[in-house]
Amino acid sequence: MTVPQSLVSRTTKLLNLRSTKTTGASTVTTNPWNAHLREMANQRQFVHALTLYRQMLRSGDSPDVFTFPFVLKSCAALSLPISGAQLHCHVIKTGCKHEPFVQSSLISMYARCSSVQYARKVFDENGESSNRTDCYNALISGYTFNSRFHDGFALFRKMREAGVSVNSVTMLGLVPLCTLPEHWCLGLCLHGCCVKFGLDTQSSVANCLLTMYVKCGAIDYALELFNAMSNKDLITWNAMISGYAQNGLATQVLDLYHKMKLSDVHPDPVTFVGVLSSCTYLGAQKFGTEVDRRIQSSGFSSNPFLCNALINMYARCGNLEKARSIFDHLREKSVVSWTAIIGGYGMHGHGEIAVQLFDEMVRTGIRPDKAAFVSVLSACSHAGLTDKGLDYFAAMEMNYGLQPEPMHYSCVVDLLGRAGRLMEAKELIESMQVKPDGPVWGALLGACKIHKNVQLAELAFEQVMELDPTNIGYYVLLSNIYCEAENLEGVLKVRAMMRKRKLKKDPGYSYVEYEGRVHLFLAGDRTHPQTEEIYRMMDDLENLVKELGGFYKNDRERRNEELMSGMGVHSEKLAIAFGLLNTRPGTEIVVIKNLRICENCHQFIKLVSKIVDRQFVVRDATRFHHFKNGTCSCKDYW
DNA sequence: ATAGGGTTAG
């Protein structure tokens with residue numbers, strides 16, 4: 001085959017290749033450079049490997065069968081198509097093009113750094129000799145790399161029909177093609193294939209299957225596989241930890257991290273990223289600080305992934321000083337770092353700072369992306385910077401060519417809604433290019449609660465029901481709107497709707513982080529080991545609060561809340577009592593809530609803080625996973 | 001000796 005001319009003819013010469021002496025095909029030479037090249041490639045020092053290759057040519061030595069795989073791999077890793085094509089010329093000149101390892105390296109190189117079509121060409125022109133497992137494997141993983149689902153499976157079928165034997169590397173190439181939820185049944189079949197071929201004992205294939213399940217959201221299957229694996233290596237642990245983390249199962253992550261520490265496997269930066277993101281999700285700053293110490297002592301402190309994860313963790317947990325200090329010391333601030341710190345200031349009510357930082361980011365030449373706009377838009381809506389937010393929203397598409405997604409719309413609807421500009425918000429939704437999702441109409445519904453607009457609320461609710469009929473939060477919201485409007489009929493209507501759809505309100509829960517553990521309380525919970533003491537403490541507090549004049553703002557509201565949830569004592573009160581029992585006087589007690597704190601508890605906490613002279617901070621955990629869907633199942637976590 | 005592969009942040 002000829003090397004694609006379009007690539008070679010480009011003037012850029014990344015490798016300054018001289019013509020080389022042609023040696024006999026596949027002559028086994030003891031090229032002294034090869035050992036060094038292998039070393040470089042194995043250590044992922046790809047630039048060095050290519051430099052070394054250049055030096056080798058300059059010194060007059062010729063590349064051979066053992067040289068090409070390393071340098072081709074380096075080109076693939078660095079995505080250098082022109083150098084890759086030049087190497088292809090060298091392969092032909094040195095007569096190595098029929099060498100098995102060189103063929104599969106070439107296929108892989110083309111698939112990874114120029115075009116999978118060229119990879120296919122090499123494969124086809126190899127003729128009979130490509131009827132080998134290696135070449136099939138290389139091309140299949142090439143299709144996977146380029147997300148070519150149908151081509152990948154078609155080739156696999158061809159491979160089976162041609163009677164070419166399948167090995168574990170075939171599966172490593174094929175399984176990651178099934179990472180979309182709609183393809184996961186096929187992944188399950190592949191799992192069956194692995195068992196049939198006796199490949200499941202290899203931990204790399206199992207890791208690959210594990211990752212596939214995780215990405216499809218089939219956490220149960222992933223866990224089953226994980227538990228069945230007797231030789232869990234670092235990647236096994238990491239796959240499961242990040243799998244939980246990506247599916248919003250934060251407490252399971254912390255549990256698993258704990259178990260990993262007890263095993264012999266040492267965590268690496270990938271592990272810490274998953275653990276930190278779960279601390280962020282839970283608002284578990286103390287746990288996160290522990291992890292931070294471990295990161296420092298493991299020598300990973302300059303890893304950019306970890307720095308960003310740390311900034312995010314501290315910022316979301318409210319420790320803005322610490323987050324800022326890491327951010328300021330960062331050598332290279334990426335758009336991710338900026339987004340994390342902007343989001344942190346935004347969610348803790350420092351909208352002005354968030355906006356300043358966003359502008360500063362743009363001044364330093366960093367191009368904001370969609371996530372950066374989410375953080376600045378939500379900062380604007382929390383701080384009431386309505387016009388500023390609208391400017392950013394306009395700039396997003398006009399100046400940066402970024403098509404807003406439902407997330408951005410829900411921020412802007414919230415922005416307009418909080419400012420009382422309800423009709424504009426409604427019109428914005430109706431003008432959307434993309435289909436609005438539940439949170440977009442939900443934001444309007446929330447705004448209707450603030451501004452007591454029953455009519456618009458009914459309209460927004462109708463829309464939300466089309467999109468997300470099982471989300472209890474919206475029913476509660478509408479019910480409260482009716483309740484405030486003293487529309488008893490409406491309240492009953494919502495309740496009947498919920499009964500008909502067999503929906504029950506998720507229990508409100510609160511948690512307090514204590515001694516590196518998350519202590520979770522559901523409304524009316526009596527499962528905590530200290531339940532007796534907690535309830536005693538709470539009764540005392542309630543009596544004191546009554547003496548100070550604390551009561552429900554309005555009796556109807558209390559009844560409504562109780563009917564909606566069927567609950568007893570509110571979870572935040574339990575959490576407060578637990579905190580008072582276990583923490584030292586003078587320390588702050590941080591309570592995290594999954595649902596908005598109710599008016600009664602708000603007052604309760606205010607009065608308790610006067611009585612006991614302690615500082616309470618109640619933070620809204622819904623902010624932590626505002627844009628994630630998964631529910632937090634912390635229940636089993638002690 | 002040599003390919004092919006699995007885990008990371010907002």
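The values are calculated or read from the model by the stated rules, or taken from the named source; none is laboratory data. Note that the structure is a prediction, hence the values are computed from the model and not measured. Quick reminder, even Gly has a Cβ in these numbers, built from the backbone with ideal geometry, and neighbours come from all protein chains shown. Surface areas here come from the heavy atoms of the whole protein model, side chains and all, with no ligands, DNA or RNA. Shrake-Rupley method; radii C 1.70, N 1.55, O 1.52, S 1.80 Å.
In table form, for the structure just shown:
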{"item": "The range A:221-231: number of residues that are part of a loop (DSSP other than H, G, I, E, B) and open to solvent by 30 Å² or more (accessible area, probe 1.4 Å)", "result": "2"}
{"item": "Odd one out for A:LEU310 among (1) modelled with pLDDT under 95; (2) open to solvent by less than 40 Å² (accessible area, probe 1.4 Å); (3) closer than 24 Å to A:ALA372 by Cβ; (4) part of a helix (DSSP H, G or I)", "result": "(1)"}
{"item": "Criterion: modelled with pLDDT of 90 or more and either more than 25 Å from A:GLY142 (Cα to Cα) or more than 9 Å from DNA strand B (Cβ to nearest atom) (or both) - qualifying residue of A:GLN5, A:GLN45, A:GLN86", "result": "A:GLN86"}
{"item": "Matching residues in the range A:59-70 - criterion: being surrounded by fewer than 21 Cβ atoms within 10 Å (Cβ to Cβ) and of a type in the set (A, V, I, L, M, F, W, C)", "result": "A:PHE66"}
{"item": "Residue in the range A:232-255 that is nearest to A:SER204 (Cα to Cα), counting only those that are of a type in the set (A, V, I, L, M) and open to solvent by 10 Å² or more (accessible area, probe 1.4 Å)", "result": "A:ILE235"}
{"item": "All helices (runs of 4 or more DSSP H) inside the range A:131-177 with 2 or more residues being touching a helix residue (DSSP H, G or I) at 6+ places or on another chain (Cβ under 8 Å) and closer than 21 Å to A:SER114 by Cβ", "result": "A:133-145, A:149-161"}
{"item": "Condition met for A:MET56 (open to solvent by less than 10 Å² (accessible area, probe 1.4 Å), over 25 Å from A:TYR136 (Cβ atoms) and within 14 Å of DNA strand B (Cβ to nearest atom))", "result": "yes"}
{"item": "Filter result (of a type in the set (A, V, I, L, M), within 13 Å of DNA strand B (Cβ to nearest atom) and either open to solvent by 10 Å² or more (accessible area, probe 1.4 Å) or under 15 Å from A:LEU520 (Cα atoms) (or both)) within the range A:267-297", "result": "A:VAL270, A:VAL273, A:LEU282"}
{"item": "Residue satisfying condition, being buried (at least 22 other Cβ atoms within 10 Å of the Cβ), assigned to a helix (DSSP H, G or I), on the phi < 0 side of the Ramachandran plot and acidic (Asp, Glu), within set A:ASP414, A:ASP387", "result": "A:ASP414"}
{"item": "Within the range A:269-300, tally of residues that are modelled with pLDDT of 90 or more, in a loop (DSSP other than H, G, I, E, B) and in contact with a Cys (Cβ under 9 Å, 6 or more places away or on another chain)", "result": "0"}
